[in-house]
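The values are calculated or read from the model by the stated rules, or taken from the named source; none is laboratory data. Only a predicted model underlies this, so the values are computations on that prediction, with no experimental measurement involved. Reconstructed Cβ throughout: ideal geometry from the backbone, glycine too, with neighbour counts over all protein chains shown. Note: accessible area is taken over every heavy atom of the protein model, side chains too, but ligands, DNA and RNA are not part of it. Shrake-Rupley method; radii C 1.70, N 1.55, O 1.52, S 1.80 Å.
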Amino acid sequence: MAQDMRHPIESGCPDGFQYMHPSMRRNYGQWKYHEHPRPGVLLHVAHSGDKLWTVKCGTQRILDVFTLRKLTEIGDKFADGYIRFTIRSNVEYVITDETKVEPLIKALEDAGFVVGGTANSVAMISHTQGWLHCDIPGTDASGVVKSMMDELIEEFKNCNMPNRVHITTSCCQINCGGQGDIAINVQHTKPPKINHDLVANVCERPTVVARCPVAAIRPAMVNGKPSLEVDEKKCICCGACFPPCPPMQINDAEETKLAIWVGGNHSNARSKPTFQKLVAAGVPNNPPRWPEATAIVKRILKEYKEGAKDWERINDWIDRIGWPRFFEVTGLPFTKYHIDNWTGARNSLNASTHIRF
Ligand code: SF4
Ligand code: SF4
């Protein structure tokens, strides 16, 4: 019977080996050591004696087809037709001939790209989709990246930070945003406004009720139609009800703000992984250049650069100097709202691993 069973077409992530540079494939798992000859370039030496130079160049992630063609043409010319995107939207070219390193960097810079982002630099800001790709953002993400990286370009091109700095942005408060040394995340400050005329046609009311982490949403009849109501005293303005029910409009040009968090670290290379912590709230969500958020990020980076010891990540630096000193040197106001004194999470948040529909 088994051979008669239907086999679905495999549509998962393809095997990455087929896209690797042949020299990388040949030496996979056989590396002897690596060096960092200059910002934006890594040298890997294999036990076989093969040497590979990786040249890293930044992009803003959401790319038009013309820019992609330009990048791949450079790959055809210098890197045997191979190109690789990193999770921080950098493009990496792998070459086996040292004499091509400088010409490749020149070709990239002549075409308007920036080489850097290695070792103790500010890496490219990782970002979520923003206005272009997602249906629930409260701000753009690639726009924030572009405007911030324009001002941090020297920190991307050079390795002047005490350690690597990962910055992330997130264009809603609840979904795919990451955490990092510094994170710029959306912060809603008002409960959702409900368009009652649309709820009955658009929303699965039980799904929306189940979404709320603090049980603030109840079914209600409004103007004779089934709708929903929000207990605004309980609402924490998380925005979780908006994706399953767009008539629960929470994005707002004035009331949707940005919050800045610091000290998140996934790595456990020198110290344990840490969660990021809120340091600035209610920052204006101010496109197209987000000057207020950028000024805070630059201020934090300046103090970190001057005050941290070599190889301290931002969380290590703050651990050493303490939070009062962090707020003192960065000039950020410390308020009672920075203190996480809420004890109700265990009782009221959906903290189980059960999947709810
Ligand atoms: S962070 Fe939120 S708004 Fe941004 S892409 Fe992810 S789900 Fe969409
Ligand atoms: S914004 Fe969050 S807390 Fe408020 S009603 Fe919606 S899901 Fe509940």
Please compare each pair in 193/277; 233/277; 190/233 to a cut-off of 21 Å on the Cα-Cα distance and tell me which ones are over it. 193/277; 233/277
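Restricting to the chain, what percent of DSSP beta bridges are antiparallel, rounded to 5?
So the antiparallel bridges amount to about 85 percent of the total.
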Just tell me which aspartates and glutamates come within less than 18 Å, Cα to Cα, of residue 51; anything on the same chain fewer than 8 places away is out. 35, 80, 92, 97, 98, 102
For the chain, which cysteines have no disulfide-compatible partner, meaning no other cysteine Cβ under 4.7 Å? 13, 57, 134, 159, 171, 172, 176, 212, 235, 237, 238, 241
Qualifying GluC sites (Glu not before Pro) for segment 170-266 [loop in DSSP, other Cβ within 10 Å: at most 13]: 204, 232, 254
Kirkwood hydrodynamic radius, the chain, all distinct C-alpha pairs: what's the number in Å? 23.2
Extension length gain for residue 160 and residue 135 (0.36 nm per residue less Cα distance), in nm, is 5.2 nm
To the nearest 20 debye, what charge dipole does the chain have about its Cα centre, counting +1 at the Cβ of each Lys and Arg and -1 at the Cβ of each Asp and Glu? 740
Taking all protein chains as present, what is the carbon and sulfur share of the accessible area of the chain, in % to the nearest whole number, probe 1.4 Å? 54
Rounded FRET efficiency, nearest 0.05, which uses the C-beta distance separating residue 86 from residue 305 and R0 of 30 Å: 0.80
Using a/c under 1.5 as the rounded threshold, could you call segment 193-241 rounded, prolate or oblate? The axes a ≥ b ≥ c are square roots of the C-alpha gyration tensor eigenvalues, and prolate needs a/b larger than b/c, oblate otherwise. prolate
For the chain, the longest stretch holding no trypsin sites (Lys or Arg not before Pro) located in a DSSP loop with at most 11 other Cβ atoms within 10 Å is which? 7-232
Would you work out which of 127, 241, 251 lies farthest towards the positive end of the dipole of the chain? Charges go on Cβ: Lys and Arg +1, Asp and Glu -1. 241
Over segment 1-138, average the accessible area per residue using a 1.4 Å probe and give it in Å², no decimals. 59
Plugging the Cβ-Cβ distance of residue 153 and residue 220 into 1/(1 + (r/R0)^6) at R0 = 41 Å yields, to the nearest 0.05, a FRET efficiency of 0.20
Provide the solvent-accessible area of residue 125, counting protein heavy atoms only and rolling a 1.4 Å probe, rounded to the nearest 10 Å². 0
Given 0.36 nm per residue, what is the gain on full extension from residue 266 to residue 34 after removing their alpha carbon distance, in nm? 81.3 nm
Could you give the nm distance between label points at residue 63 and residue 45, where each point is 7 Å from its Cα heading toward the beta carbon? 3.1
At residue 229 and residue 7, where each label point lies 7 Å from the Cα along Cα→Cβ, what is the point-to-point distance in nanometres? 5.9
State whether segment 132-175 is rounded, prolate or oblate according to the following rule on the C-alpha gyration tensor (a ≥ b ≥ c being the square roots of its eigenvalues): a/c under 1.5 gives rounded; otherwise a/b larger than b/c gives prolate, and the remaining case gives oblate. prolate
Tell me, what is the per residue accessible area of segment 193-241 in Å², probe radius 1.4 Å? 59
Expected unfolding gain across residue 298-residue 106 under the 0.36 nm per residue rule, minus the alpha-carbon gap, is 66.3 nm
Considering only protein heavy atoms, what is the solvent-accessible area of residue 340 at a probe of 1.4 Å, reported in Å² to the nearest 10? 140
Per DSSP helix of 4 or more residues, -39500 (n - 2.57); summed, then divided by the residues of the chain. What does that give at 222 nm, rounded to the nearest 500? -7500 deg cm²/dmol
Greater than 24 Å separation of Cα atoms is the criterion. Which listed pairs, 32/100; 157/272; 56/77; 56/272; 70/298; 146/302, meet it? 157/272; 56/272; 70/298
The chain, relative contact order [Cα under 8 Å, separation at least 6], %: 12
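Specify whether the C-alpha gyration tensor of segment 243-287 places it in the rounded, prolate or oblate class, a ≥ b ≥ c being the square roots of the eigenvalues: rounded for a/c under 1.5, otherwise prolate if a/b is larger than b/c and oblate if not.
Taking the square roots of the gyration eigenvalues as a ≥ b ≥ c, segment 243-287 is oblate.
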